[in-house]
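**Q** Sharing a structure, written as structure tokens. Questions coming.
The values are calculated or read from the model by the stated rules, or taken from the named source; none is laboratory data. This one's a predicted model, so the numbers in the text were calculated from it and none came from an experiment. Cβ atoms come from the backbone with ideal geometry, glycine included; neighbour counts cover every protein chain shown.
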Amino acid sequence: MKSLMMQLLRGLDCLHSQNIVHRDIKASNLLINNRGQLKLADFGLARILGGPSNPSIDHRVFTNRVITLGYRPPELLLGGTIYGTEVDIWSAGCILAEMFIGKTYFRGEDEIAQAQIVFKKCGTPTPEDWPGVENYPWYNVLCTTERHPRVLVEDLTK
């Protein structure tokens, strides 16, 4: 697991250093050969951030309907459309959890159920622990009814 995660993170570092966001990191987009070498695959949703003409742009306005649901980060589930390479890092963390438990850790049937599953495990975001979260379009719909404490560490280490 350590070797595969290191290779995944190095691959993402290579992409991100070139201002590329993959936007669909998931287990089925990781190819592993018989020597244990990991390769990133399926760049159909990948986009360039900034680029040589404007390297200062590290976030752009994109659709939030990317990344397979079980690997989609909370900011996209909350309707965010301005994001960068951090969405790939969330997906990599989901893959690490999947390696530990042997199945997709966050598995929702739709975006609302997915957000609720993430919040039940990671805790419902609040403006105190995530400044600006209340500005996401779907925050008032998804985060104001029921509050959940963070149980992620306990859940993954039992």
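**Q** G84: surrounded by 12 or more Cβ atoms within 10 Å (Cβ to Cβ), on the phi > 0 side of the Ramachandran plot, of a type outside the set (D, E, K, R) and at pLDDT below 95, yes or no?
**A** No; evaluated as a whole, the condition is false for this residue.
**Q** Test T157 against the stated conditions and say whether it is hydroxyl-bearing (S, T, Y) and closer than 16 Å to L76 by Cα.
**A** no
**Q** Next question. Please specify each residue of segment 42-63 satisfying the condition of being surrounded by 13 or more Cβ atoms within 10 Å (Cβ to Cβ), at negative phi and at pLDDT 95 or above.
**A** F43, L45, A46
**Q** So T126 ticks every box in (1) assigned to a loop (DSSP other than H, G, I, E, B); (2) touching a helix residue (DSSP H, G or I) at 6+ places or on another chain (Cβ under 9 Å); (3) exposed (fewer than 12 other Cβ atoms within 10 Å of the Cβ) but one. Which box is left unticked?
**A** (3)
**Q** Do we find that G44 is farther than 19 Å from M5 by Cα, out of contact with any strand residue (DSSP E or B) (no Cβ under 8 Å at 6 or more places or on another chain), small (G, A, S) and assigned to a loop (DSSP other than H, G, I, E, B) in this structure?
**A** Against the criterion (farther than 19 Å from M5 by Cα, out of contact with any strand residue (DSSP E or B) (no Cβ under 8 Å at 6 or more places or on another chain), small (G, A, S) and assigned to a loop (DSSP other than H, G, I, E, B)), G44 qualifies.
**Q** A further question on this structure: Considering segment 129-158 alone, what residues qualify as being assigned to a helix (DSSP H, G or I), free of Cβ contacts under 8 Å to residues at least 24 places away in the same chain, over 23 Å from T63 (Cα atoms) and not aliphatic (A, V, I, L, M)?
**A** Those that are assigned to a helix (DSSP H, G or I), free of Cβ contacts under 8 Å to residues at least 24 places away in the same chain, over 23 Å from T63 (Cα atoms) and not aliphatic (A, V, I, L, M): E154, T157.
**Q** A follow-up question, please. On the basis of being touching a Lys or Arg at 6+ places or on another chain (Cβ under 7 Å) and surrounded by fewer than 18 Cβ atoms within 10 Å (Cβ to Cβ), does L31 make the cut?
**A** Spelling it out, L31 is indeed touching a Lys or Arg at 6+ places or on another chain (Cβ under 7 Å) and surrounded by fewer than 18 Cβ atoms within 10 Å (Cβ to Cβ).
**Q** Quick one: I67 ticks every box in (1) touching a strand residue (DSSP E or B) at 6+ places or on another chain (Cβ under 8 Å); (2) of a type outside the set (S, T, N, Q); (3) closer than 23 Å to M1 by Cβ; (4) assigned to a loop (DSSP other than H, G, I, E, B) bar one, so which box is it?
**A** (1)
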